[in-house]
Amino acid sequence: MQPDHRPYAPAAEQNREPILQVLQQWFTDPGTLLEVGAGTGQHAAFMAPRMPHLQWLPTDVAEHLPGIEAWRREAAAPNLRPPRALDVQADAWPEGPFRYVYSANTVHILHWPGVEALFAGVARVLESGGRFALYGPFAHDGQHTADSNASFDRSLRQQDPGMGVRDRADLDALAAAHGLSREAVVDMPVNNQILIWRCAPDPGSV
Ligand SMILES: C[S@@+](CC[C@H](N)C(=O)[O-])C[C@H]1O[C@@H](n2cnc3c(N)ncnc32)[C@H](O)[C@@H]1O
């Protein structure tokens, strides 16, 4: 917690700059970005002012909205919209289309039906040619990419057997079932990655 009662996650402060660098490389078109599972709101407050070509809409389950709003007020960025409630399994998704969707550290928290709902929702709201960037720890072909990710996975599953580090192949299969094709896997600090999928462009467009 910040002295002014904004919620604070140390990890979000540590990973925000490397994530921003990747988003600045892949999210270059002007348009609207939907953030799913914005958490404390630190990423939105840091990134929106540094990506002024985007209108940034942070969302999370309702209990997180006051904290995200506190960070938004502090950032005072004209392109950072007021947060909106979005439980990916329970709520109506905001009206798209969105050029981009960004989500960090959500798919190991969501149970698998929630992950399915996330990809179905992303595919519904993304405009053609739009991109979805997902940050977090991921396994590859059934293997954890680091001991730290294996122990993180074990601790998640001990807390709740429905949570856990997801395998890239499972996410790619889910994405493909919704018409999203993977464009990139970007290695990030501390054994995390950003996975990027693209919604097929309209025939005839770039
Ligand atoms: C580990 S936190 C990550 C927060 C932030 N993105 C970050 O990286 O610091 C996981 C987030 O997923 C959100 N979440 C959990 N279940 C959700 C659901 N069904 N729909 C939308 N968000 C959900 C939580 O409220 C929480 O903010």
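Every number here is computed from the coordinates shown, using simple stated rules; none is lab data. Not measured: the values here are computed from a predicted model. Positions of Cβ are backbone-derived with ideal geometry, glycine not excepted, and every protein chain shown enters the neighbour counts.
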Task: Nonlocal amide H pairs with residue 138, under 5 Å, H built at 1.01 Å - done: 193
Task: Cut-off under 5 Å, modelled amide H: who pairs with residue 98 long-range - done: 126, 127
Task: Assigned charges on the beta-carbon of Lys, Arg, Asp, Glu; the chain dipole about Cα centre (debye) - done: 300 debye
Open item on the list: Please list, in order along the range 95-103, the HN-Hα scalar couplings obtained from phi with the Karplus expression 6.51 cos²θ - 1.76 cosθ + 1.60 (θ = phi - 60°), rounded to whole Hz, x for Gly and Pro.
Closed with: 4, x, x, 10, 6, 9, 10, 10, 8
TODO: Figure the gain on full extension for residue 63 and residue 173 (residue separation times 0.36 nm, minus the Cα-Cα span) and round it to one decimal in nm.
DONE: 36.4 nm
- [ ] Net charge near residue 127: determine it from the other residues with C-beta under 14 Å of the C-beta of residue 127, scoring Lys and Arg +1 and Asp and Glu -1.
- [x] +1
Open item on the list: Check which residues have an amide H placed less than 5 Å from residue 130's amide H, if you skip close sequence neighbours.
Closed with: 199
Open item on the list: If you scale each eigenvalue of the Cα gyration tensor by 5 and take the root, what three semi-axes come out for the range 117-206, rounded to whole angstrom and sorted largest first?
Closed with: 28, 14, 10
TODO: Output the Cα-based Rg and Dmax of the chain in Å, rounding Rg to one decimal and Dmax to a whole number.
DONE: 16.2, 53
- [ ] Have a look at the DSSP beta bridges in the chain and tell me what percent are antiparallel, nearest 5.
- [x] 45 percent
- [ ] Whole Å is fine, so just give me how far the alpha carbon centre of the range 22-40 lies from that of the range 157-204.
- [x] 16 Å
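How much length is gained if the chain between residue 90 and residue 159 is pulled fully straight, taking 0.36 nm per residue apart and subtracting their Cα-Cα distance, in nm to one decimal?
Working: separation 69, 0.36 × 69 = 24.84 nm, distance 2.27 nm.
Here the answer is 22.6 nm.
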TODO: Compute the Cα gyration tensor for the range 94-141, then decide on rounded, prolate or oblate, letting a ≥ b ≥ c be the square roots of its eigenvalues: rounded whenever a/c is under 1.5, prolate when a/b is larger than b/c in the other cases, and oblate in all that remain.
DONE: prolate
TODO: Set the Förster distance to 35 Å, then compute FRET efficiency between residue 29 and residue 143 from the Cβ-Cβ distance, nearest 0.05.
DONE: 0.50
